[in-house]
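One structure below.
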Amino acid sequence: MDNDLHLTQHISKRFNEELEDARNQVMQMGGLVEQQVRNGLKALLEADTELANKVVDLDEQVNQLEIDIDENCTQILARRQPAASDLRLMISIIKTITDLERIGDEAVKLGRNALKLSDDGKNSRQYVELRHLGEHVITILNQALTAYARMDVEDALKIIQSDRLIDEEFDNISRLLITKMMEDPREIKKALRISWCARALERVGDHAKNICEYIVYLVKGKDVRHTSIEEMRRQIQD
Amino acid sequence: MSDLSFTENLTSSDITIEGTVGKVVAEDAKMSMRNVNVFYADKQAIKNVSLDLARNQVTALIGPSGCGKSTFLRCLNRMNDTIPICRVEGELLLEEQDIYAKNLDPVLLRARVGMVFQKPNPFPKSIYDNVAYGPKIHGLATNKAELDEIVISSLQKAGLFNEVKDRLDSPGTGLSGGQQQRLCIARTIAVSPEVILMDEPASALDPIATAVIEELIDELKEKYTIAIVTHSMQQAARVSQTTAYFHMGQLVEMGKTEQIFTNPVHTLTENYITGRFG
């Protein structure tokens, strides 16, 4: 089977539309949470409380989309009893939106911490590492959503592979923060907040990686979760 | 790919069949068919099909109308012998025995390889006589008590006994559709077959009667080897362990049911089970 899943070639036109709609809704939700993370990071780095509030408020819309998409998928499963690639599409959508919703939750954490830091009269401007990590994570999330839209397994694998770099960056930030806390205990409260933000960004990377694993499942029918990158490549080539 | 080589290719739209993908050879085969070709006069209905029926398993044959799945099923107990213009070529073995051997009596073969049809077709006789008919003509019972036992145990295995035990003398045609079909299954079981062929056994039944038949199929596979032709993909997915997809007389793909319905290899299989244009 090629990468194109021929979503629009069913004998039932209505079924084509239902699958297209479900997939488009996932894209829409992906776009929203990407924006949420982007704004969350910006609010944090620029101590923008207005933007931080927006990030927190947007979560309601993301949650509602998750509920709507789940309902649509339930209807499709009940009425159409999809099989093969259609079934895999349903499963991958249901799983993907769970990860997207959690990415939204992580973005909210960024927003809330931005507000708390601002309340304490502090900001995170001096943390260049946090900016690096955040931008890296946003790039990966964006790539994962693009790979999902294109159903591109090769890109998905590259993204899965690059998650390791995010983990390394997160470890670096943690070390840096520990040093700062040891140097000046008055910084502990702020450093902890920054650490939670770094942790939230790192989790966004994990969720993006999960989405890439669902892409592999959707296109290739192989469940590559909890395997090494070499094992993934081997399975895909089988 | 199977280890059997196929030379004939067939093109439908822009998708080509090259032999059969998947595993057609069973480790413990009850029946083995190799390079089977079937002709109705000049028209070829089955093209070089090879597959095994695994012992004590349910094998589902699926495919669009006219793909040859019923024709193939009917070869397995020589039901096609009744059609004068039909010619069957190839090797068809039941436990290593050639079922098309000249010295083999098709009537005895059909006792070993029983068949259940789409429409329940009980004889216009009592429920008891419907089931007793086969054992009587094959001389399987020496006295009335033995015959009674065969009838009762067959009705029990078919899951019908409790519903009809008080009216075994009533006509079989008076039962509901689902009950009639189970009566036909009891009639098939009564002659102790080794293989049961089912040609859309539940397509004329409502969902409840269908569920009862499917549950029965699941129980029957403990004792018998079963091949079922069905138009209902969900039914094939529910009852079978192996699925074979036929298309225009060829076996396109065969494999474990769990794989065929989640990740089929051939595009034609994918198109059929997902309802796409083939």
Next item on the list: Of all residues in segment A:219-237, count the ones that are surrounded by fewer than 17 Cβ atoms within 10 Å (Cβ to Cβ) and away from chain B (no Cβ under 14 Å).
Entry: 10
Item checked: Of all residues making up segment B:131-150, the number that are free of Cβ contacts under 8 Å to residues at least 40 places away in the same chain and among the small types (Gly, Ala, Ser) -> 3
Item checked: Qualifying positions in segment A:121-170 - in a helix (DSSP H, G or I), open to solvent by 10 Å² or more (accessible area, probe 1.4 Å) and more than 19 Å from A:Ile215 (Cα to Cα) -> A:Val128, A:Glu129, A:Arg131, A:His132, A:Glu135, A:His136, A:Leu165, A:Asp167, A:Glu168, A:Glu169, A:Phe170
Next item on the list: Search segment A:104-119 for residues being open to solvent by 70 Å² or more (accessible area, probe 1.4 Å) and either among the hydroxyl-bearing types (Ser, Thr, Tyr) or closer than 11 Å to A:Arg193 by Cα (or both), and hand back the single one that is farthest from the chain's Cα centre (by Cα).
Entry: A:Lys116
Notebook entry, point to check: When B:Asn103 is evaluated against the numbered criteria (1) part of a strand (DSSP E or B); (2) without any contact (Cβ under 8 Å) to a residue 24 or more places away in the chain, which criterion, by number, is the only one it fails?
Noted result: (1)
Item checked: Cross-chain or 6+ apart pairs with Cβ under 9 Å, segment A:176-199 first and within 20 Å of A:Ala107 (Cβ to Cβ), then among the charged types (D, E, K, R) and outside any helix (DSSP H, G or I) -> A:Arg193/A:Asp120; A:Arg193/A:Lys122
Note to self: Here are the criteria: (1) within 11 Å of chain A (Cβ to nearest Cβ); (2) surrounded by fewer than 21 Cβ atoms within 10 Å (Cβ to Cβ); (3) within 24 Å of B:Val116 (Cβ to Cβ); (4) in contact with a helix residue (DSSP H, G or I) (Cβ under 7 Å, 6 or more places away or on another chain). Tell me which single one B:Ile260 does not satisfy.
What the structure shows: (2)
Checklist line | Filter pass, B:Ala60 being open to solvent by less than 30 Å² (accessible area, probe 1.4 Å) and over 30 Å from A:Ile11 (Cα atoms) | finding: no
Notebook entry, point to check: Within segment A:11-23, is there a residue that is away from chain B (no Cβ under 14 Å), assigned to a helix (DSSP H, G or I) and crowded, with 17+ Cβ neighbours inside 10 Å?
Noted result: yes
Note to self: I'm told A:Leu32 meets every condition in (1) in contact (Cβ under 8 Å) with a residue 60 or more places away in the chain; (2) open to solvent by 20 Å² or more (accessible area, probe 1.4 Å); (3) farther than 30 Å from A:Ala200 by Cα except one. Can you identify the failing condition by its number?
What the structure shows: (3)
Next item on the list: Please find, among A:Leu58, A:Leu89, A:Leu65, the residue that is within 20 Å of the chain's Cα centre (by Cα), within 14 Å of another protein chain (Cβ to nearest Cβ) and touching a residue at least 12 places away in the same chain (Cβ under 8 Å).
Entry: A:Leu89
Check: If B:Glu253 satisfies every condition in (1) open to solvent by less than 10 Å² (accessible area, probe 1.4 Å); (2) within 14 Å of chain A (Cβ to nearest Cβ); (3) modelled with pLDDT under 95 but one, which is the exception?
Finding: (3)
Next item on the list: Please work out which residue is surrounded by the fewest Cβ atoms within 10 Å (Cβ to Cβ), limiting yourself to segment B:263-278 and to residues that are more than 9 Å from chain A (Cβ to nearest Cβ) and under 23 Å from the mean Cα position of the chain (by Cα).
Entry: B:Tyr272
Notebook entry, point to check: Going by the conditions given, is A:Glu50 modelled with pLDDT of 90 or more, open to solvent by 20 Å² or more (accessible area, probe 1.4 Å) and under 23 Å from A:Leu117 (Cβ atoms)?
Noted result: yes
Notebook entry, point to check: When you go through (1) more than 14 Å from every other protein chain (Cβ to nearest Cβ); (2) farther than 30 Å from A:Lys189 by Cβ; (3) buried (at least 17 other Cβ atoms within 10 Å of the Cβ); (4) not basic (Lys, Arg) one by one for A:Ala83, which number turns out not to apply?
Noted result: (1)
Margin query: When the residues of segment B:193-240 are narrowed to those that are small (Gly, Ala, Ser), open to solvent by 30 Å² or more (accessible area, probe 1.4 Å) and more than 14 Å from every other protein chain (Cβ to nearest Cβ), which ends up farthest from B:Arg55 (Cα to Cα)?
Written below: B:Ala204
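The values are calculated or read from the model by the stated rules, or taken from the named source; none is laboratory data. Only a predicted model underlies this, so the values are computations on that prediction, with no experimental measurement involved. Note: ideal-geometry Cβ built from the backbone for every residue, glycine included; neighbour counts use all protein chains shown. Accessible surface is based on the protein model in full, side chains and every heavy atom, while ligands, DNA and RNA are left aside. Shrake-Rupley method; radii C 1.70, N 1.55, O 1.52, S 1.80 Å.
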